[in-house]
Amino acid sequence: MAALYACTKCHQRFPFEALSQGQQLCKECRIAHPIVKCTYCRTEFQQESKTNTICKKCAQNVKLYGTPKPCQYCNIIAAFIGNKCQRCTNSEKKYGPPHSCEQCKQQCAFDRKDDRKKVDGKLLCWLCTLSYKRVLQKTKEQCKHLSSSSRGSLQEKEQFSRLSSGSHYNSQKTLSTSSIQNEIPKKKAKFDAISANGDSFSPDLALDSPGTDHFVIIAQLKEEVATLKKMLHQKDQMILEKEKKITELKADLQYQESQMRAKMNQMEKTHKEVMEQLQERGIQAPRELARGPSAFIPLGEIPQERGDSSLHQLLKAFVSAGRVDHVAMVMGLHPQYLSSFWKTQYLLLRMDGPLPYHRRHYIAIMAAARHRCSYLVGLHMGEFLQVGGNPAWLRGLHCAPQKLRNLNEINKLLAHRPWLVTKEHIEALLRPGEDSWSLAELVQALVLLTHYHSLASFVFGCGIKPEEEQDGAPSPHSDSSPASEDSMWGSGGTDAMLEVEMLMERMKLLQENQLEEEGVTQEEMATRFELEKTESLLVPSSDPLDPSLQSNIRCFLEDPEFGYKDFTRRGEQAPPTFRAQDYTWEDHGYSLMNRLYPDVGQLLDEKFQVVYNLTYNTIAMHCGVDTSVLRRAIWNYVHCVFGIRYDDYDYGEVNQLLERNLKIYIKTVACYPEKTTKQIYTQFWRHFKHSEKVHVNLLLLEARLQAALLYALRAVTRYMT
């Protein structure tokens, strides 16, 4: 009696031939529990129910890690941890980086460095190998079936010939001929049926072993088409959802703009009625104060909301919360830069990132408070509450979580003395513990801190006035009356014209010297840098006990007496010079930022390039002027006051191009922005346009931001190495 074997599912006994290969299942179990592919990892498994489409291992991983992402190598949706599936991760560890699959051309085939590394001489990935073997097995079975059918046909012919006799020879010959002729169409029909039901199978290819390549290609193409259809459907759904969201945002923006216009019209109407009532009563109305976003720049110089220019269209595109803030209105004098600035700030505050939205605004408050910038503090206190921040935190820094309070030390260093930031400060924040920072969180926080330190310089440097919602906040310092301002512009007209002409001559002379490559030794250039760095400028330091300091700023300050420290302090050792060639933004800072915060790194680099190369080829009343040497002098002088030196730059150009009043203005805005006054704003470049002075502030903003980022990123690099 033949031996019987148990089915692995129902445990009933059957002959060995009745059980399936591999799983050892009987016919009924094979029908009830077919072998299917897992939706995620694509491995075959025994389906226990029709609704179960993923294997047990993937089901367990879904519970632990959630829905997987496509693997960056094989594109199978099975990356539960990181960007690679477990199969590719293990293969990469064992066999090294992947190679291109000769079938699907994806970078997901691993060379196993042994005799089994290839399938019939081909280096295939896991999916292509399975598909190839399936088609090869199917081809072998079909070939076996055809050969057995051919043998049966030959046996039938021999039987007919043996039964033939002389008397019946002719009739039997006719019968045999008709039988053979009938057999050929049957075989042809069988081949056609196989071709229709299978994978475009043909007898010639089946009997020719090299033809199996075509089966592999066809099977792969079918799987690829199915995958692409699925991806196309998913993309269509994503596009529909995004279009729906865009429509909702447009409708919301239109509604907010209409509300803003209605509010402005109502305010204008109310103001007009009040003025008419005062006139009817014979009361002389007080002289209207200067309106507009800036206390330094006349309203007529600022792009108007009702204008039809392209600049107005640009400003409308950057409307936030139904309005354009005063910073954007002043930056609107340079639309190309405004576009780059707004994209960067929007990504920092409102797009996905490691830090929650309310913490980003709180960090902005902490940064702005270091420079007593009530405009930015008030603005982000409102934003903090709008995104769900805890109102108790706004009572002061002592009410914030310890994790945020730990930023206080690096905040004050980056604001006033960034050269003191070391890898120990980074290590202290990243040290494991309940209030520790992750590296990604810290990098975003560092960018936010430096961004708002430099933005505070721009706010004070351009005399940005508070928004309507911040009427209680003090305006920037303005210690010159309209009369004194007019007299300053009128009496010094000739001198101011002379200053412009002298500046033009110096720029032309410097450009000619550069063309002639007039040599200056490295020692001489180093000496000139030290002279610029140690030049004593009469700029008062911040007063920590200023009685006008608002309580909403004072509560966010710890160690308020800490401020910028001149390099010229006698009896103290000056900080070591930061040689720009040793750690540049282009070679070091940008690459590190791209690794840790890629989108922002790209936008920051774009913003630096835009402002550094921004020019209209004009100076005061002159056109067609190359201003590159002047822009470079301003940029390098800002870096100089923060201790950064360029070995290939002659700092003698700074003395020739930047007048003393301009140097005082730059150092005040960069180091003590809260001490900026209208007087020092009007005293430099007296015949230049206000848009050109705003351009100086943009250069100053970005140069200061890059300097602080270089110190911070250098400390991060030293910590990582």
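Quick notes
- Too-long pairs where the Cα-Cα distance tops 24 Å, listed order kept, from Lys27/Lys57; Lys69/Lys105; Lys667/Lys693; Lys37/Lys69; Lys403/Lys607: Lys27/Lys57; Lys403/Lys607
- Three-way shape call for the range 627-689 based on the alpha-carbon gyration tensor, with the a/c threshold at 1.5: oblate
- Surface composition of the range 628-721: carbon and sulfur make up 44 percent of the accessible area, probe 1.4 Å.
- Centroid-to-centroid separation of the range 598-650 and the range 389-432 [C-alpha atoms, Å]: 31
- Phi angles of the range 681-689 translate, via the Karplus equation with coefficients 6.51, -1.76, 1.60 and θ = phi - 60°, into HN-Hα couplings of 5, 7, 7, 9, 6, 5, 9, 8, 6 Hz per residue; Gly and Pro are given as x.
- Sparsely packed trypsin sites (Lys or Arg not before Pro) within the range 1-73, loop by DSSP, other Cβ within 10 Å at most 10: Lys50
- Ranked by the mean number of other Cβ atoms within 10 Å per residue, highest first, peptides 619-628, 443-452, 249-258, 555-564 order as 443-452, 555-564, 619-628, 249-258.
- Taking amide H as placed 1.01 Å from N in the peptide plane, Thr53 has no amide H partner under 5 Å among residues 5 or more places away or on another chain.
- Per-peptide average of other Cβ atoms within 10 Å, ordering 422-431, 689-698 highest first: 689-698, 422-431
- For Arg579, the solvent-accessible surface computed with a 1.4 Å probe is close to 90 Å², ligands and nucleic acids excluded.
- Each residue of the range 577-588 was assigned a 3J(HN,Hα) from its phi angle through the Karplus curve 6.51 cos²θ - 1.76 cosθ + 1.60 (θ = phi - 60°); the sequence is 5, 8, 7, 4, 5, 6, 8, 8, 5, 5, 9, 10 Hz, with glycine and proline shown as x.
- Virtual paramagnetic centre 7 Å along Cα→Cβ of Met720, amide N under 11 Å, in the range 577-594: 588-594
- Amide H contacts of Ser294 (H built 1.01 Å from N, under 5 Å, at least 5 apart or other chain): Lys465
- Rounded if a/c under 1.5, otherwise prolate or oblate - the range 327-384, Cα gyration tensor axes: oblate
- Looking at the range 37-142, the accessible area is 62 square angstrom per residue; that uses a 1.4 Å probe and ignores ligands, DNA and RNA.
- Net charge, Tyr5 excluded, C-beta distance under 12 Å - Lys, Arg +1, Asp, Glu -1: 0
- For Ala79, nonlocal amide neighbours, meaning residues 5 or more places apart or on other chains whose placed amide H falls under 5 Å from its own, are Lys69, Cys71.
The values are calculated or read from the model by the stated rules, or taken from the named source; none is laboratory data. Everything quoted here is computed from the prediction, not taken from an experiment. Cβ: placed from backbone, ideal geometry, glycine included. Neighbour counts: every protein chain shown. Side chains included, ligands, DNA and RNA excluded: accessible areas come from the protein's heavy atoms. Shrake-Rupley method; radii C 1.70, N 1.55, O 1.52, S 1.80 Å.
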